[in-house]
1. In nm, to one decimal, how far is the modelled label at His214 from the one at Arg58, with both set 7 Å along Cα→Cβ?
2. Report the full-extension gain for the segment Glu336 to Asp166: residue separation times 0.36 nm, less the Cα-Cα distance, to one decimal in nm.
3. Can you pick out the pairs among Lys56/Lys189; Lys136/Lys189; Lys169/Lys189; Lys260/Lys332; Lys169/Lys260; Lys78/Lys136 whose Cα atoms lie more than 19 Å from each other?
4. Nearest 0.05, what FRET efficiency do Glu303 and Arg206 give at R0 = 30 Å with Cβ-Cβ as r?
5. Between Asp79 and Ser144, take the C-beta separation as r, use R0 = 41 Å, and let me know the FRET efficiency to the nearest 0.05.
6. Can you classify the range 212-343 as rounded, prolate or oblate using the Cα gyration tensor, where a ≥ b ≥ c are the square roots of its eigenvalues, rounded means a/c under 1.5, and otherwise it's prolate if a/b beats b/c and oblate if not?
7. List the aspartates and glutamates whose Cα lies under 15 Å from the Cα of Lys217, skipping any in the same chain that are fewer than 8 positions away.
8. By its C-alpha gyration tensor, with a ≥ b ≥ c as the square roots of the eigenvalues, how is the range 138-209 shaped: rounded for a/c under 1.5, else prolate for a/b larger than b/c, else oblate?
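Here, each number is a calculation from the coordinates, and none is a lab measurement. Here the structure is a predicted model, which is why all the values come from computation and not from measurement. Counting neighbours? That spans all protein chains shown, and the Cβs are built from the backbone with ideal geometry, glycine included.
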Amino acid sequence: MPRSFRIAGAWTAVLALALTGCGSASDGGGGTSPKTKAAASAPDRADRPDRVEPLKSRPEPVLPATVTSADGKKVTVKDTSRIVPLTGSLNEIVFTLGLGENVVARDITATFEQAKKLPVVTRAHDVSAESVLSLKPTVVLADSTTGPAEAIGQIRDAGIPLVVFDPAKGLDDVGPRIDAVAETLGVEKSGDALKSRTQERIAKVRKSIPAAAHSEKPRVAFLYLRGSASVYLLGGRESGASSLLEAAGAVDAGKESGLKKDFTAITSEALAKAAPDAILVMSKGLASVDGVDGLLKVPGVAETPAGLDRRIVSVDDGVLLNYGPRTDQVLKSLVEQLHGGKK
């Protein structure tokens with residue numbers, strides 16, 4: 001079950017819950033081998049939401065690397081043989097840079113196939129310092145939203161280099177985040193290659209948006225749903241979805257209706273003001289309310305233009321808000337679902 005969910009400052013919890021489907025630390029945490037290779041029968045492909053696509057050449061880290069952590073601390077990384085990324089998005093970047101065989105653990109939000117057999121070092125959505133330290137990491141990567149603070153402090157007190165990164169909340173954050181991780185791990189050339197590949201793929205998807213979409217932009221409301229926990233939220237300006245929706249040729253209905261925070265509890269009045277033509281949800285969130293029919297029972301949804309037309313856009317939880325090497329897949333899915341058939 002998720003931790004207590006506060007509306008104010010809810011974006012962090014939404015991101016954590018989104019990638020797990022309200023799972024527990026034991027979900028997918030089987031496997032004891034610290035180094036995991038993908039099955040030979042499953043090729044690395046960019047168009048599969050359950051896998052990441054590593055760079056073709058394995059990088060050779062140039063170390064030591066000294067960087068400034070997002071919390072202001074100077075950190076020197078001397079060894080990247082045992083890496084522990086404490087968020088799914090960081091895990092994704094490390095694997096995609098070609099250092100997946102060096103990763104010895106995962107956060108519960110690392111749901112892509114190549115990472116599934118790694119041991120989980122989180123309990124619910126909190127880091128277990130004991131679990132991390134038991135794996136003898138040579139470097140730990142965290143977000144500024146990673147907690148609790150006591151666990152982060154315990155890892156640092158043990159002498160483990162721990163670097164904190166600011167979370168990505170928009171398309172403009174994709175390149176700098178890849179750069180920051182690559183610099184920390186001493187693989188800046190690979191970082192440049194991954195950043196270029198990612199930006200090129202995003203640009204290609206943006207060019208594919210039908211011309212008609214530029215003059216007829218649909219209003220899309222991002223709803224965060226967890227039916228089992230009775231969590232029903234409407235995304236606003238800081239939800240993390242605005243950048244994606246705008247890049248996909250749509251209008252963020254929550255943002256345009258004046259919602260300045262990240263998330264607000266869904267009400268009939270708020271949805272009526274947002275007046276969405278389509279509703280964006282995460283796939284597990286949609287499943288948690290028993291699909292489209294269940295979503296239409298959430299107060300106010302059925303009365304919106306989107307509800308009347310049953311126009312629901314669903315994207316896999318594990319990639320929607322990551323803003324990383326697979327963001328082009330998210331954009332492609334949004335464009336196809338929102339503008340399919342237009343020219």
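1. If labels sit at His214 and Arg58, their model points lie 4.6 nm apart.
2. Working: separation 170, 0.36 × 170 = 61.20 nm, distance 3.04 nm.
So the chain would gain 58.2 nm between Glu336 and Asp166.
3. Values: Lys56/Lys189 13 Å; Lys136/Lys189 27 Å; Lys169/Lys189 24 Å; Lys260/Lys332 27 Å; Lys169/Lys260 15 Å; Lys78/Lys136 14 Å.
Exceeds cut-off: Lys136/Lys189; Lys169/Lys189; Lys260/Lys332.
4. Values: r = 33 Å, r/R0 = 1.09.
So, using R0 = 30 Å, E works out to roughly 0.35.
5. Numbers: r = 24 Å, r/R0 = 0.58.
After rounding, the FRET efficiency stands at 0.95.
6. On the way: a/c = 1.36, a/b = 1.22, b/c = 1.12.
Judged from the Cα gyration tensor, the range 212-343 comes out rounded (a/c under 1.5).
7. Here the aspartates and glutamates satisfying the reach criterion relative to Lys217 are Glu246, Asp252, Glu256, Asp277, Glu336.
8. Numbers: a/c = 5.07, a/b = 2.01, b/c = 2.52.
Cα axes put the range 138-209 in the oblate bin.
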